């Protein structure tokens, strides 16, 4: 009797033969909400998409219903999205790769890809996180694992973008960054629609830092909402959080202007206040007494702020940057500190940097 994996792969191969052989192929590695919606978007643009899924059962579900019920229910995937759990099939004939794997699994999945990458391909990182053990950003992990011939082909996508709203064709503005402008422009051409608008940047570091650190701040805004501490408090908290992101970014060599744009402030507003934000939701539940361990067991989708908090605290220490909000999030999540007293005590000690600067300038 044929194994389930073999049945899946044979069916996928048959579907592939039915599609136009000249169609450009994009491999999307990672079938969470974001990988799924980008697969839909690229398929709508006329590309053939090989969607790699970690779970074989998810492959069968997508093939049977054309829907990813676990991560993005309600989104019907076009026939030119071909789901597979075989990395070999996912990368076969691929002209470009979208890498949509969470930071904690990125290295192992990239290692799987190595065997089947026969030539340098453009690769777009769309995950927002930092590897805990190495403190590497996503593009740094990619460069650490993949051959040097791929290093000039890397770009990153970030900014305020809920997958559900992209699928509803609601106007979404994001940032595409690369050290090589032609590479970013190539991805912009692939992804640009009347509702999905990537703008270009060369600040790869800043775009990634903004996307990663805002998730931690958003855990805190969720806690404030769960504790019903009010909108005044949340506005102040977001302002202080933005200060922390900018301070770390400047210390690491990023362009401060990046953080007042879509990849910083825009993403922080969305994730810190949006009703469907995963990180904010975790914060709400933690503030109401739920244990972090149980919350993470229950969730299929990753809340990157939880995985990133320790890494950002270490980066702050390495670069001698004070980040009291990041420190408080770590204390609450990993030392079982009381959310209300920890947050209120921290807020009592904080004075916004821009107020201090304005006062100093006026006095002089």
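Bear in mind that the values in this text are calculations on the coordinates, not laboratory data. On a predicted model such as this, the values are computed, not experimentally measured, just so you know. Quick reminder, even Gly has a Cβ in these numbers, built from the backbone with ideal geometry, and neighbours come from all protein chains shown.
Rounded, prolate or oblate: which one fits the stretch 4-202, using the alpha carbon gyration tensor with axes a ≥ b ≥ c (rounded when a/c is under 1.5, else prolate when a/b beats b/c, else oblate)? Please report the intermediate quantities before stating the final value.
Details: a/c = 1.43, a/b = 1.18, b/c = 1.21.
The shape class here is rounded.
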Percent relative contact order for the chain, counting Cα pairs under 8 Å at least six residues apart, stands at 14
Specify the inter-centroid distance of the stretch 231-245 and the stretch 65-129, based on alpha-carbon positions, in whole Å. 35
Cβ-derived FRET efficiency at R0 51 Å, residue 349 paired with residue 105, nearest 0.05: 0.85
Residue 250-residue 118 FRET efficiency (beta carbon distance; Förster radius 45 Å; 0.05 resolution): 0.65
Can you bin the stretch 256-331 into rounded, prolate or oblate? Criterion: square roots of the alpha carbon gyration tensor eigenvalues sorted a ≥ b ≥ c, rounded for a/c under 1.5, prolate for a/b above b/c, oblate for the rest. oblate
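Just from its helices, what would the mean residue ellipticity at 222 nm be for the chain, if runs of 4 or more DSSP H residues each count -39500 (n - 2.57) and the sum is divided by every residue, rounded to the nearest 500 deg cm²/dmol? Write out the running numbers ahead of the final one.
Details: 17 runs with 195 residues, N = 364.
Calculated at 222 nm, the ellipticity per residue is -16500 deg cm²/dmol.
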Return, for the Cα atoms of the chain, the radius of gyration and Dmax in Å, separated by a comma. 21.0, 84
Using alpha carbons only, how many degrees (0 to 90, rounded to 10) separate the axis of helix 231-252 from the longest principal axis of the chain? 70
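Which FRET efficiency value, to the nearest 0.05, is calculated for residue 69 and residue 192 with the Förster distance at 30 angstrom and r the Cβ-Cβ distance? Could you put the intermediate results ahead of the total?
Details: r = 29 Å, r/R0 = 0.96.
Plugging the Cβ-Cβ distance into 1/(1 + (r/R0)^6) gives 0.55.
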Label-point gap, in nm, between residue 228 and residue 314 - each point 7 angstrom along Cα→Cβ: 4.0
Relative contact order in percent for the stretch 206-363 (Cα pairs under 8 Å, 6+ apart) equals 32
Helix 33-44 sits at what angle to the longest principal axis of the chain, using alpha carbons and giving 0 to 90 degrees rounded to 10? 50
Round to the nearest 10 and give me the degree value, 0 to 90, for the angle of helix 339-349's Cα axis relative to the longest principal axis of the chain. 60
